[in-house]
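The values are calculated or read from the model by the stated rules, or taken from the named source; none is laboratory data. Given the structure is predicted, the values throughout are model-derived calculations rather than measurements. Glycine gets a Cβ as well: all are built from the backbone with ideal geometry, and neighbour counts include every protein chain shown. Note: areas computed on protein heavy atoms with side chains; ligands, DNA, RNA excluded. Shrake-Rupley method; radii C 1.70, N 1.55, O 1.52, S 1.80 Å.
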Amino acid sequence: MAGSSSARRKPSLWSKYGPTPRLAFGALLIAIVGAFGLTRNDIFGLSFAWPHAALWGAVGWGRVGLSIRPMLVLIAFGFVQDVIFHAPFGCFEIVNLLTYAGSTAIASQFDVMSEPLIAIVSSALLFAGAFLVLWLLASTLEDHPVRIVPLIAAMMTTGVIYALGHRAFDLGRRPGEPVGQPA
């Protein structure tokens, strides 16, 4: 009776919460990581790339479909990022919302919840696309190509940390559930 043991598995604490507490927890996590990003990013003289944590929410929250609350949170984080990075207002909002839209589009076409390969490839493509848009915006605003190495390092850091904690940005859509459930 190997199948019966999995049927008796106790649901996790995370699965008992609905989308609103999950969204709030993910937003808090993004805010904490963002706040620590305002401090010095070097240890023993070696500097390291800090992740663009708002993209974690854009990729993870987009898997439930379009919903107004995640978009409002991403717009708020984009505004804060614009202020921190001295970017014109709207730049990071565009990056966050385009990534969210891409995540939603991929989730509507593929089962990213139960297919690990699709989840990994789609996340990698979404992060690469987000940083490409960020590089294009920065290069356009500066009138010359900006350095790409720091962006690639930030993209790698963002992707690796997301891979380790992607469940924190799962709003609760189960495989087979239609996309677009209210979050």
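Using the 1.4 Å probe convention, the accessible area of region 63-172 works out to 55 Å² per residue with neighbouring protein chains retained.
Roughly what angle does helix 116-142 make with the longest principal axis of the chain, taking Cα atoms, 0 to 90 degrees, to the nearest 10? Helix 116-142 sits roughly 20 degrees off the main axis of the chain. Modelled this way, with points 7 Å down the Cα-to-C-beta line, the labels at Leu28 and Leu125 are 3.4 nm from one another.
Between the C-alpha center of region 40-106 and that of region 113-139 there is a gap of 12 Å.
Given their separation in residues at 0.36 nm each and the Cα-Cα distance between them, Leu72 and Ile43 gain 7.0 nm when the chain is fully extended.
Leaving out ligands, DNA and RNA, and with a 1.4 Å probe, what % of the accessible surface on the chain is carbon or sulfur? In the chain, the share of accessible area belonging to carbon and sulfur is 72 percent.
Only Cα pairs under 8 Å and 6+ residues apart enter the sum, and on that basis the relative contact order of region 60-163 stands at 24 percent.
Let's see if you can work this out: charge +1 on each Lys and Arg Cβ, -1 on each Asp and Glu Cβ, no other charges. What is the dipole magnitude of the chain about its Cα centre, in debye to the nearest 20? Spell out each step's value before the answer.
On the way: 12 positive and 9 negative charges, 188 e Å.
Approximately 900 debye in magnitude.
Along the chain, the longest continuous region that contains none of the trypsin sites (Lys or Arg not before Pro) in a DSSP loop with at most 15 other C-beta atoms within 10 Å is 41-146.
Note on the chain: dipole from Cβ charges, positive end direction compared against Leu136, Phe169, Leu55; the farthest Cα belongs to Phe169. What the Cβ-Cβ distance of Gln109 and Leu136 gives, at R0 = 22 Å and to the nearest 0.05, is a FRET efficiency of 0.35.
Residue by residue, region 29-38 carries 3J(HN,Hα) couplings of 4, 4, 5, 5, 5, x, 5, 5, x, 7 Hz when phi is fed to the Karplus relation 6.51 cos²θ - 1.76 cosθ + 1.60 (θ = phi - 60°); x denotes Gly or Pro. Per-residue Karplus couplings for region 153-167, computed as 6.51 cos²θ - 1.76 cosθ + 1.60 with θ equal to phi - 60°, are listed in order as 5, 5, 5, 5, 4, 4, x, 5, 5, 4, 4, 6, x, 4, 5 Hz, Gly and Pro entered as x. Only one residue of Ile30, Leu74, Met113 has its Cα farthest out toward the positive end of the dipole of the chain, where Lys and Arg carry +1 and Asp and Glu -1 on Cβ, and that residue is Met113.
Compactness ratio of the chain: Cα Rg over 2.2 N^0.38 Å, N = residue count?
Details: Rg = 17.4 Å, N = 183, 2.2 N^0.38 = 15.9 Å.
That ratio works out to 1.09.
Which chymotrypsin sites (Phe, Trp or Tyr not before Pro) from region 51-98 combine a DSSP loop assignment with at most 15 other Cβ atoms within 10 Å? Passing sites in region 51-98 are Phe85, Phe89. Label-to-label distance for Leu117 and Ile161 is 3.0 nm, based on points extended 7 Å past Cα in the beta-carbon direction.
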